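The values are calculated or read from the model by the stated rules, or taken from the named source; none is laboratory data. The shown structure was predicted, so the numbers you read here are calculated from the model rather than taken from an experiment. Cβ: placed from backbone, ideal geometry, glycine included. Neighbour counts: every protein chain shown. These accessible areas exclude ligands, DNA and RNA; they are computed on the full protein's heavy atoms, side chains included. Shrake-Rupley method; radii C 1.70, N 1.55, O 1.52, S 1.80 Å.
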Amino acid sequence: MKSKTNKKVIKAAKETVFYLFLTTLIAGMLLPVYFIISLSFLSTREAYQYPLPLVPAIKTDMELGYGERGYLLSVWDRIDKEYQTVLDTADLEKMEYYIKSQLGTKITEEELLIETSRLENSDEESIFFTKPRALLNNYDTFFTVTRDAVPALIRSLQIAGLTILISLSIGGLAGYAFARYIFRGKDTLRFSVLFVRMFPGVAIALPMVFILAEANLYDEPLGLSLIYSVGAIGLTIWITASIFMGIPVSLEEAAQVFGASKFQAFMKVTLPLALPGLAASAMYIFLGAWNETVAAIILTQFKPTFSVVVYQTLLGASGQVNLAAAGGISMAIPAIFFTFFLRKYINRMWGGVKV
Amino acid sequence: MATLEIKNLTKKFGRKIIAVDNISLEVHDGEFLVLLGPSGCGKTTTMRMIAGLEEVTDGTILIGDVDVTELPPRKRNVSMVFQNYAIWPHMTVYENISYALKLKHMGKSEIDQVVHDVARMTKISELLERLPTQLSGGQQQRVAVARAIAVSPKVFLMDEPLSNLDAKLRVSMRTELKTIHASAKATTVFVTHDQSEAMSIADRIVIMQGGKIVQIGSPEEVYEKSADLFVADFIGTPPTNFFDVELKKTGETLHLVHPHFDLSLSPKNAALLQGYDKDRLVLGVRPENILLANEQAKIMSTTVLVVEPQGSHQVIAFKLDENIIKMVAPAQPKMKTGTTIHLNFKQEALRFFDPDSTLAIGN
Ligand SMILES: Nc1ncnc2c1ncn2[C@@H]1O[C@H](COP(=O)(O)OP(=O)(O)O)[C@@H](O)[C@H]1O
Ligand SMILES: [Mg+2]
């Protein structure tokens, strides 16, 4: 009896430790994600505060008084719990700009005029007013200030699409050959396909610049997708070969016996069965091409990819972490969308393969 | 329907592996022929060459007098039940059966008719809209058979179609396949490594070993007149008992002398051995041809080692030197381990084999 309860206690303790471990692990992975999402909604002023606010404010409390040069603008600080003076100016245009860009808050010049006349007409030394935050301000700024952002986004989509097309058609066929045929040098080839991936992108980038320039593909989406395909084809061969190996040859042979040509058998039997796996490879290829930055920096000049633009936001003169965060999130959204879209599609297909 | 003729068929994989070695055989119109042999003897390879899935190294394949040796599978008019069924998992049962008919440009209503006909024949009418993953092994097997008979092939090929079923289902499917064959009257080549399956289902059996054909005959022929030691051993459970014996002549009678018995042969058996000039041979006796005898008629006595009751009969095992010998006796009287028994052989069922060539002697 006693040992039974003991065992229960030990089991419960074990489970607790396990879930604690799991929670820590998940938290460790999710924390940076949360951090960057939250950061992308913070105003510039908040983004450079210490400690950093955990959630973005949805409104801004402001105090307007008289200063030495004109009006004195103070902002309620959620951390220090007091109004802090941020601006002393008579220029309302400047004040409006400051509120918009630094405080990420919506205000119009008329509204500002109303507030100042309210101050003039009152007996108080200062008046208080509250305006809603423009939560998407960083995103707005990112796409308007960074002139390249939208064309770069389109370019990145193009590149990812081209990379999928090239890698999947070449890699998929090669994977099929690896799975179905015995040929001389198969093992060597299988290994050398991975060999390509052993070299970091930076290491081969310089020779690539010359090769692409020679082919008139430097600073072109097609050039970059060719470079990405070099690595992606290797991976695709490995993934698709194992997919095709998992589809019994006898299914194709049965189709041939029952009246199909070799090509028909492939199209009607093997390809549909491989689709979930091919979709999974497409997903990996997309993520690889979409997120790649280093080679893109070296291999583009006037036509940067989206990842390069985000990177430049972080470095450039306008370098603001909250803007970069908004760029990063904008970059993650297509990747997340694509992944979930494909996943849903993959899981819907004859219930078999799970990714 | 048609005949199938194979002439001097050979298949080599690479230079060294000879999977099928110069075999010739003929399958009659509507016949149920079974290719039987141990694993690796070349049955599947033979079947795949007939279907066109494997290139022929040498030889000819004729289906209804048409040389199909070089034709692709789709032009041979054969159909096949694969060992793993090879039902297309992304198509419903209906689509599986109708795919081949569609490729033949058959009309929609005609296809519907055929699908429902074969579904009725194979008892899968209720399953037509299901996907293969929703079927049991036995049902998948039926779908594979239905798909194969739907195309009304000239030759119907089956590669160990029952080996993935559980023992009970396997036996009942045997009977059903036989019934389906009787109504479809398809020229059939059926591959198996299970000799009891072959015996129960075949019109004729082709026994293969090491890529070669060792015997072709009806189930009775291969059982009673096994062509060599391999067949005698392979066919029948328990297998044939073998005794190394010395051939001696005293006066007019021939004797087979073994450390444990001295058997004088009947004139008929003696006649069989007339042309045989060696002084040793292998005597083969099927378990049911070892008889319990009384004191006077016995040729040897021994003690029972193990008894395996089988209901209708009992299998009695005993030991001669290091060899275990098995015999089949009526269920009554019940035998017990340790009992002394007296034995004799059924003269007209004895088989003699040449120890060097392993071939049967006489006939
Ligand atoms: N594709 C192949 N490559 C090389 N050897 C093969 C191949 N297919 C079969 N074999 C060999 O040929 C022989 C006969 O095989 P198989 O016809 O499958 O035998 P069974 O069906 O009677 O078990 C075996 O020794 C097997 O190893
Ligand atoms: Mg086989």
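Listed values, structure above:
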| item | result |
| --- | --- |
| Top-ranked residue in the range B:73-92 [being part of a loop (DSSP other than H, G, I, E, B) and within 15 Å of ligand 1 (Cβ to nearest atom); ranked as farthest from the other protein chains (Cβ to nearest Cβ)] | B:83 |
| For residue B:50: the one exception among (1) more than 16 Å from ligand 2 (Cβ to nearest atom); (2) farther than 27 Å from residue A:246 by Cβ; (3) within 11 Å of chain A (Cβ to nearest Cβ); (4) open to solvent by less than 10 Å² (accessible area, probe 1.4 Å) | (1) |
| Candidates B:55, B:95, B:70, filtered to the one that is of a type outside the set (A, V, I, L, M), away from ligand 2 (no atom under 16 Å from the Cβ), within 30 Å of residue A:269 (Cα to Cα) and in a helix (DSSP H, G or I) | B:95 |
| Filter result for residue B:18 (modelled with pLDDT of 95 or more and within 16 Å of ligand 1 (Cβ to nearest atom)) | yes |
| Candidate set: the range A:320-355, residues that are at pLDDT below 70 and open to solvent by 30 Å² or more (accessible area, probe 1.4 Å); chosen: the one nearest to the other protein chains (Cβ to nearest Cβ) | A:350 |
| Among residues of the range B:28-47, those that are within 12 Å of ligand 2 (Cβ to nearest atom) and not β-branched (Val, Ile, Thr), counted | 10 |
| Strands (runs of 3 or more DSSP E) contained entirely in the range B:133-212, each with at least 1 residues that are open to solvent by 20 Å² or more (accessible area, probe 1.4 Å) and away from chain A (no Cβ under 13 Å) | B:204-209 |
| Where residue B:12 falls short, out of the listed (1) within 13 Å of ligand 2 (Cβ to nearest atom); (2) away from chain A (no Cβ under 11 Å); (3) of a type outside the set (S, T, N, Q) | (1) |
| Residue in the range B:31-43 that is surrounded by fewer than 23 Cβ atoms within 10 Å (Cβ to Cβ), assigned to a loop (DSSP other than H, G, I, E, B) and within 14 Å of another protein chain (Cβ to nearest Cβ) present | no |
| Condition met for residue B:288 (surrounded by 12 or more Cβ atoms within 10 Å (Cβ to Cβ) and not in a strand (DSSP E or B)) | yes |
| Any hit, the range B:18-27, residues being more than 16 Å from ligand 2 (Cβ to nearest atom) and in a loop (DSSP other than H, G, I, E, B) | no |
| Any hit, the range B:95-104, residues being at the interface with chain A (Cβ under 10 Å from one of its Cβ atoms), more than 19 Å from the chain's Cα centre (by Cα), closer than 21 Å to residue B:139 by Cα and within 16 Å of ligand 1 (Cβ to nearest atom) | no |
| Residue list for the range B:47-71, filter: farther than 20 Å from residue A:262 by Cβ and either within 11 Å of ligand 1 (Cβ to nearest atom) or in contact (Cβ under 8 Å) with a residue 24 or more places away in the chain (or both) | B:57, B:58, B:59, B:60, B:62, B:63, B:64, B:65 |
| For residue B:99: the one exception among (1) touching a helix residue (DSSP H, G or I) at 6+ places or on another chain (Cβ under 6 Å); (2) among the aromatic types (Phe, Trp, Tyr); (3) under 22 Å from residue B:188 (Cβ atoms) | (1) |
| Leading residue by the ranking (nearest to residue B:361 (Cα to Cα)) among those in the range B:243-254 that are free of Cβ contacts under 8 Å to residues at least 60 places away in the same chain and open to solvent by 40 Å² or more (accessible area, probe 1.4 Å) | B:246 |
| Cβ-Cβ under 8 Å pairs, at least 6 apart or on other chains, the range B:32-46 side not assigned by TED's automatic domain parsing to the domain that holds residue B:21, far side open to solvent by 10 Å² or more (accessible area, probe 1.4 Å) and assigned to a loop (DSSP other than H, G, I, E, B) | none |
| Scan of the range B:155-196 for residues that are among the small types (Gly, Ala, Ser), farther than 23 Å from residue B:26 by Cα and away from ligand 1 (no atom under 13 Å from the Cβ), ordered by number | B:167, B:172 |
| The range B:217-234: number of residues that are more than 16 Å from ligand 1 (Cβ to nearest atom) and either among the aliphatic types (A, V, I, L, M) or surrounded by 18 or more Cβ atoms within 10 Å (Cβ to Cβ) (or both) | 9 |
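Condition check ((1) farther than 27 Å from residue A:117 by Cα; (2) open to solvent by 60 Å² or more (accessible area, probe 1.4 Å)) across all residues:
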residue	(1), (2)
A:9	yes, yes
A:17	yes, yes
A:27	yes, no
A:34	yes, yes
A:37	yes, yes
A:40	yes, no
A:56	yes, no
A:65	no, no
A:68	no, yes
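Per-residue answers, yes or no, for (1) within 30 Å of residue B:148 (Cα to Cα); (2) within 14 Å of chain B (Cβ to nearest Cβ); (3) free of Cβ contacts under 8 Å to residues at least 60 places away in the same chain; (4) hydrophobic (A, V, I, L, M, F, W, C):
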| residue | (1), (2), (3), (4) |
| --- | --- |
| A:164 | no, no, no, yes |
| A:185 | no, no, yes, no |
| A:208 | no, no, no, yes |
| A:228 | no, no, no, no |
| A:231 | no, no, yes, no |
| A:234 | no, no, no, no |
| A:251 | yes, yes, yes, yes |
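To keep it simple, each residue is scored yes or no on (1) closer than 30 Å to residue B:14 by Cβ; (2) surrounded by fewer than 15 Cβ atoms within 10 Å (Cβ to Cβ); (3) not small (Gly, Ala, Ser).
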| position | (1), (2), (3) |
| --- | --- |
| A:176 | yes, no, yes |
| A:182 | yes, yes, yes |
| A:202 | no, yes, yes |
| A:217 | no, no, yes |
| A:225 | no, no, no |
